[in-house]
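*Asks:* I am attaching a structure below and will ask some questions about it afterwards.
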């Protein structure tokens, strides 16, 4: 049971830490292409969907990343796609954890 709370605390720390990243020089070109980042996010989202655990904001972030890319905001597009990928991966981790530990959460 304590492991569940540790997992939740770690997930929240990761999500909170993403907003605290130092600002980057936006004039520098990204080293990873948007297409690669978007494809990785889509693949992670498909895995989360297969586990029937997609977080409510993830698909919207992916859609926003595509719009940002279409508008020429490559850095923003990559950042949004990375956020969507991270959320999808955390959702999958959550689904696996819940599937494994559900019996501890049921009151008998």
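The values are calculated or read from the model by the stated rules, or taken from the named source; none is laboratory data. Please read these numbers as outputs of a predicted model, since none were measured by experiment. Using ideal geometry, Cβ is built from the backbone for each residue, glycine included, and neighbour counts are taken over all protein chains shown.
*Asks:* Quick one: which residue in 39, 35 is surrounded by 12 or more Cβ atoms within 10 Å (Cβ to Cβ) and either touching a helix residue (DSSP H, G or I) at 6+ places or on another chain (Cβ under 6 Å) or at pLDDT 90 or above (or both)?
*Replies:* On the way: 35 fails: surrounded by 12 or more Cβ atoms within 10 Å (Cβ to Cβ).
Exactly one residue qualifies, and that residue is 39.
*Asks:* Kindly establish whether residue 77 is within 12 Å of the chain's Cα centre (by Cα), surrounded by 12 or more Cβ atoms within 10 Å (Cβ to Cβ), assigned to a helix (DSSP H, G or I) and in contact (Cβ under 8 Å) with a residue 24 or more places away in the chain. Lay out the reasoning, then the answer.
*Replies:* On the way: within 12 Å of the chain's Cα centre (by Cα): no; surrounded by 12 or more Cβ atoms within 10 Å (Cβ to Cβ): yes; assigned to a helix (DSSP H, G or I): yes; in contact (Cβ under 8 Å) with a residue 24 or more places away in the chain: yes.
In short, no.
*Asks:* When you look at residue 82, is it modelled with pLDDT of 95 or more, assigned to a helix (DSSP H, G or I) and more than 15 Å from the chain's Cα centre (by Cα), yes or no?
*Replies:* Considered against the rule, which asks whether it is modelled with pLDDT of 95 or more, assigned to a helix (DSSP H, G or I) and more than 15 Å from the chain's Cα centre (by Cα), residue 82 comes out as no.
*Asks:* In segment 48-74, which residue that is crowded, with 18+ Cβ neighbours inside 10 Å and either under 11 Å from the mean Cα position of the chain (by Cα) or modelled with pLDDT under 95 (or both) is farthest from residue 31 (Cα to Cα)?
*Replies:* By that ranking, first place goes to 53.
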